[in-house]
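Below you'll find the structure, written out as structure tokens, and then a few comments.
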Amino acid sequence: MGVEEVADLVDGIHRKVNVSLKELPVGIRPSNREADRISSAFAGFVKIHRTGSRLEYLESYLHEVPPASLVNKDPVKADKSWLHSTAWARQGDVDIESIRVTPHFIRGQEIEYSGPVGNRAIRMLSQGLSLEDGKVGALSAYKIYLSVTVPSYDGKENFNLELGVMMLNDGLNGEWSPVSCEYLGVPMGTFVYTPWP
């Protein structure tokens, strides 16, 4: 992708997520400032998966412990893991209009069931909490969904799935970043590589 195409993609994602967040009901809608921060963080997530290298991803990683497979001592294996993790973003166009947003935690209170729908890749929270316990302290989380085309692990088939990325404000200064990724609609008995948040 050219520089202008990347800029247009990032801008389009940012605007769509921002609008979707602002359409949420009062009480679970983030402030305009937070909506902008969430939108920027998600657009950056898509951008790095669409155009970035594994090393660029690691340089931009906000948290202490990056995914183990991406820091493998064998760079060939680590790069292969990165290719699997980014396949959803590099196959075809990014369907910006498919983006939708749901709230999951508002200041620590669960709004919607936040357990996994399918195979989920998660990271530990910065405060030492675990999303698997369903506890995020006093933090908030929104899940952003995006329609994607995903190859099977062996690369022989493609599936039209929905990627759900949970964004959480657990950065040092309340920065928003992905805490989990999962696919909805994976056919039974099929294995696809879930991307790292």
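For the range 8-35, a residue qualifies if it is open to solvent by 50 Å² or more (accessible area, probe 1.4 Å), assigned to a helix (DSSP H, G or I) and more than 18 Å from residue 143 (Cβ to Cβ), and the qualifying residues are 8, 11, 15, 32, 33.
When residue 94 is tested against (1) of a type outside the set (D, E, K, R); (2) open to solvent by less than 90 Å² (accessible area, probe 1.4 Å); (3) part of a loop (DSSP other than H, G, I, E, B); (4) at pLDDT below 90, just one condition goes unmet, and that condition is (4).
Candidates 56, 5, 34: the one that is acidic (Asp, Glu), under 18 Å from residue 178 (Cβ atoms) and without any contact (Cβ under 8 Å) to a residue 60 or more places away in the chain is 56.
Scanning the range 119-147 for residues that are open to solvent by 30 Å² or more (accessible area, probe 1.4 Å), at pLDDT below 80 and in a loop (DSSP other than H, G, I, E, B) gives 119, 126, 127, 128, 129, 134, 135, 137. Within the range 138-160, being in contact (Cβ under 8 Å) with a residue 40 or more places away in the chain and under 17 Å from the mean Cα position of the chain (by Cα) holds for 140, 142, 143, 144, 145, 146, 147, 148, 149, 150. Among residues of the range 170-184 that are without any contact (Cβ under 8 Å) to a residue 60 or more places away in the chain, those with a Cβ under 8 angstrom from a residue that is open to solvent by 10 Å² or more (accessible area, probe 1.4 Å) and β-branched (Val, Ile, Thr), sequence gap 6+ or separate chain, pair up as 179/122. Taking residues in the range 64-92 that are within 13 Å of residue 150 (Cβ to Cβ), and partners anywhere that are in a loop (DSSP other than H, G, I, E, B) and open to solvent by 50 Å² or more (accessible area, probe 1.4 Å), the pairs with Cβ atoms closer than 9 Å and at least 6 places apart or on different chains are 84/153; 85/196; 87/155.
One residue is enough: does the range 148-160 have a residue meeting the conditions touching a Gly at 6+ places or on another chain (Cβ under 9 Å) and within 22 Å of residue 30 (Cβ to Cβ)? The answer is no, given that none of the residues of the range 148-160 is touching a Gly at 6+ places or on another chain (Cβ under 9 Å) and within 22 Å of residue 30 (Cβ to Cβ). The residues of the range 148-197 that are polar (S, T, N, Q) and open to solvent by 50 Å² or more (accessible area, probe 1.4 Å), listed by number, are 158, 160, 173.
The values are calculated or read from the model by the stated rules, or taken from the named source; none is laboratory data. Model, not experiment: these values are computed from the prediction. Positions of Cβ are generated from backbone atoms using ideal geometry, with glycine treated the same way; all protein chains shown enter the neighbour counts. Just so you know, the surface numbers come from the protein's heavy atoms only, side chains and all, with ligands and any DNA or RNA stripped out. Shrake-Rupley method; radii C 1.70, N 1.55, O 1.52, S 1.80 Å.
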